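Just below is one structure, and these are the notes that go with it.
The values are calculated or read from the model by the stated rules, or taken from the named source; none is laboratory data. Everything quoted here is computed from the prediction, not taken from an experiment. Note that we place each Cβ from the backbone using ideal geometry, even for glycine, and neighbour counts take in every protein chain shown. The area values use the complete protein model at the heavy-atom level, side chains included, leaving out ligands, DNA and RNA. Shrake-Rupley method; radii C 1.70, N 1.55, O 1.52, S 1.80 Å.
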There are 2 protein chains.
Amino acid sequence: MVLRTDNTVSAAGATGAAGSGGRIMLAHGGGGQLTDSLIAQTILPRLGNDVLRDLLDAAIMEGGSERLALTIDGYVVQPWRFPGGDIGRLAVSGTVNDLAVCGARPVGLALGMIVCEGFAVGDLDGILRSVAETAAEAGVSVVTGDTKVVGRDQGDGIYLTTAGVGVVRRGLRLHPDQVRPGDVLIINGPIAEHGLAVMLARQMPDMSIAVRSDVSPLSRMIERVLEAVPDDVVFMRDPTRGGLAGAAADLAARSGLRVVLEETAIPVSRAARHAAEMLGIDVLDVANEGKVLIVARPGAAERVLAVLREDRYGAGAAVIGRVEEARDGICELRTLLGGRRIVQKPYGEQLPRIC
Amino acid sequence: MVLRTDNTVSAAGATGAAGSGGRIMLAHGGGGQLTDSLIAQTILPRLGNDVLRDLLDAAIMEGGSERLALTIDGYVVQPWRFPGGDIGRLAVSGTVNDLAVCGARPVGLALGMIVCEGFAVGDLDGILRSVAETAAEAGVSVVTGDTKVVGRDQGDGIYLTTAGVGVVRRGLRLHPDQVRPGDVLIINGPIAEHGLAVMLARQMPDMSIAVRSDVSPLSRMIERVLEAVPDDVVFMRDPTRGGLAGAAADLAARSGLRVVLEETAIPVSRAARHAAEMLGIDVLDVANEGKVLIVARPGAAERVLAVLREDRYGAGAAVIGRVEEARDGICELRTLLGGRRIVQKPYGEQLPRIC
């Protein structure tokens, strides 16, 4: 398609993107296979470069004499306030965590807001308070920002986009290509709570809900892990959209090794398990916003667990799996009853706009 | 207001923000006085810190051994394609220019997209092509990104938010507090073209329009200016929302000195002048997206002009004013007919969503 730069809108339409019929669908934003195909077929062919193509949580660049990490995420969660947090806490946590899992110490956040006409200033103030509190907890500041307003029929409520820049610890290289057979997978606590809390809040706005989002900034906890075992953490990822299934399947695919998850070892709260059963959803597929999947050398596992468990966000830390010899790039779940099944990245998403 | 973290939405409402009746208005996003009051009364009290409070185009932070610049801007322009450019070129240019006017060399861009369900993939591809071409022109890459999709009744078209990180030239400090009486104001070409082009495209979508947006990445041109006169450029700003009036009035207020603009010296194309007359708009108030206001020591003016005029985006460069002794923080326009009037930052905006 030729880019028209005059003001006539081209007919556009039915080109590209697998399964979309030429139109963007909600599931393209879900962080699953459809998102991957949009990235592979539409975004990378245009913007591709070595750094972007790495598709990690943050991009690592040379910046003068330092290695810098840069990340960005949009937040369109609905409702914008949910059990356990709100869009402000979510936007800061998501950005801080993306930097932290890349081994970067956050040095500044940028906050872009798109607000709908008619949005209550008092609600905006509450969101900003939440942004400030979460940033303070993470030990970072919002150093720059931007506000745009759109008509009340042109959006619903508020969208935040946060970017963050960090400086990568010297000598550290966290990457799927560092992963070896024998490495262990560790998570810092029970999974699936963010996505379930938002889904329930949207479906049953008048009910009291027992599942609370885990949304939290993990940068300080992760920093302490890296200080304790600087050479033995090889890769980290925060399992947000696409859930633990997405992160683990991606790890298998990108390392080319087999990744095995032990179902009995994966922490899930009673409330989350019931909610997932009720909704017919696999907890592995549900987004987390306060979890980190750590891949470490086996000898460091106990030390990593000990450091995590000292932190308020790591009390439920557990070893949940390991990397095996088979070079098939498959992620396998060993089930409660001794069965095995392949874990795949979810196709689309359970429900749009959970983050 | 107490931040409620459960899922009942509070009554919220009628607190804060001057003149808003407790609700966000379109003009809060216009970059004028209403935006300033939202920032001063609602945003800074929550997020305030020394870096944010500086309110420059990009934030300057210490990042290891380097000084880093970070900037973010949301783009909600409607129509997303307009004479002279589109939202992709706009998003890259705006971010690159914000870094450049702070004396930073861009090292990476982050692209956040919020796309409405039903948006044509072919159009998205065209926008990404434009992003890629503009980034290549500026010599920088999009190193990370994020895509969210919202329902078709929850937005219109596409919103982009771009963040950029740059490394500040060593020894450089561009700041209003560096400005002295005698300094000159230089602009790289005719003003008001971006805002007018978008307004006309929206109002008269079927007409051929003679005014074209100036949207352009200026980083390479600005880099050459700083190389030529590293010690004699004291401040720069890209006069986007709020126009040249906003940038010049802000310079006066923040330097505490009088800033004088010579109306006859300010370059305005014939087409833009006619369009502004027709729409009853002051060209000084209209957004630019390919202009930089440079404040330089008087002895360097000729050298700055010469470097600008060598560049495709600086052919129309001119000295348009100067800083005077009076310590009243006022910006004054000397008019064609020898009159004088005070230039103020526009109150709201002429029309929403020009960027």
Output wanted: per-residue J couplings in Hz (rounded whole) for segment A:103-116, from phi through Karplus 6.51 cos²θ - 1.76 cosθ + 1.60, θ = phi - 60°, x for Gly and Pro. x, 9, 8, x, 10, x, 10, 10, 10, x, 10, 10, 10, 7
Copies compared at residue A:49 - label distances in nm, ascending, label defined 7 Å from Cα in the Cβ direction: 2.7
When N counts the residues of segment B:217-292, how does its alpha-carbon radius of gyration compare numerically with 2.2 N^0.38 Å, as a ratio? 1.24
accessible surface per residue for segment A:230-355, probe 1.4 Å, DNA/RNA/ligands not counted, whole Å² -> 43 Å²
Using Cα pairs under 8 angstrom and six or more residues apart, how large is the relative contact order of chain B, in percent? 23 percent
Diffusion constant of segment B:56-168 at 25 °C, which comes from Stokes-Einstein with the Kirkwood Cα-pair radius and 0.890 mPa s, µm²/s: 170 µm²/s
What fraction, in whole percent, of alpha-carbon pairs in the protein assembly as shown exceed 52 Å separation? 11 percent
Each residue of segment A:176-193 in order: what ³J(HN,Hα) in whole Hz does its phi give by Karplus 6.51 cos²θ - 1.76 cosθ + 1.60, θ = phi - 60°, with x for Gly and Pro? x, 6, 8, 6, 10, x, x, 4, 10, 9, 10, 10, 8, x, x, 9, 6, 6
Tell me, how many Å apart are the Cα centres for segment B:76-123 and for segment B:138-213? 8 Å
Tell me the relative contact order for segment A:176-342 as a rounded percent, counting alpha carbon contacts under 8 Å between residues six or more apart. 43 percent
Work out the length of the dipole vector of segment B:164-320 about its Cα centre, built from +1 on the beta-carbon of each Lys and Arg and -1 on the beta-carbon of each Asp and Glu, and round it to the nearest 20 debye. 320 debye
With Cα springs under 10 Å, the Gaussian network model of chain A assigns the largest mean-square fluctuation among A:259, A:96, A:307 to A:307
Once amide H atoms are placed 1.01 Å from N in the peptide plane, what residues at a sequence separation of 5 or more from residue B:321, or on another chain, have their amide H within under 5 Å of its amide H? B:185, B:262
Apply the Debye scattering formula to segment B:16-93, with a single equal point scatterer on each alpha-carbon and no solvent, then give log10 I(q)/I(0) at q = 0.23, 0.25 Å⁻¹. -1.10, -1.15
Per DSSP helix of 4 or more residues, -39500 (n - 2.57); summed, then divided by the residues of chain A. What does that give at 222 nm, rounded to the nearest 500? -8500 deg cm²/dmol
In what sequence, largest accessible area first, do A:183, B:206, A:328, A:73 appear using a 1.4 Å probe? B:206, A:328, A:73, A:183
How large a share of the accessible area of segment A:90-248, in percent, is made up of carbon and sulfur atoms when the probe is 1.4 Å and the other protein chains stay in place? 43 percent
Around residue B:167, which amide H atoms from residues at least 5 apart in sequence, or from another chain, sit under 5 Å from its own amide H, with H modelled in the peptide plane? B:69, B:105, B:107
For residue A:207, go 7 angstrom from Cα along the Cα-to-Cβ vector, then report the distances to that same point in the other copies in nm, smallest first. 5.6
In whole Hz and in residue order, list the ³J(HN,Hα) couplings for segment A:27-33 that follow from phi through the Karplus curve 6.51 cos²θ - 1.76 cosθ + 1.60, θ = phi - 60°; x for Gly and Pro. 5, 4, x, x, x, x, 5
Alpha carbon convex hull of segment B:176-342, volume per residue in cubic angstrom: 106 Å³
DSSP loop trypsin sites (Lys or Arg not before Pro) with at most 16 other Cβ within 10 Å excluded, longest remaining stretch of chain A: A:5-151
Positive-pole candidate from B:314, B:300, B:116, dipole of chain B, charges at beta carbon: B:300
Taking only Cα atoms of chain A, the Rg to Rh ratio with Kirkwood Rh works out at 0.96
Hey, for residue A:224 with labels 7 Å out along Cα-Cβ, what do the inter-copy distances come to in nm, ordered shortest first? 5.4
So who's got an amide H within less than 5 Å of the one on residue B:216, skipping anything under 5 residues away but keeping other chains? H placed 1.01 Å off N, in plane. B:290
Fluctuation leader among B:342, B:330, B:60 - chain B, Gaussian network, Cα springs under 10 angstrom: B:342
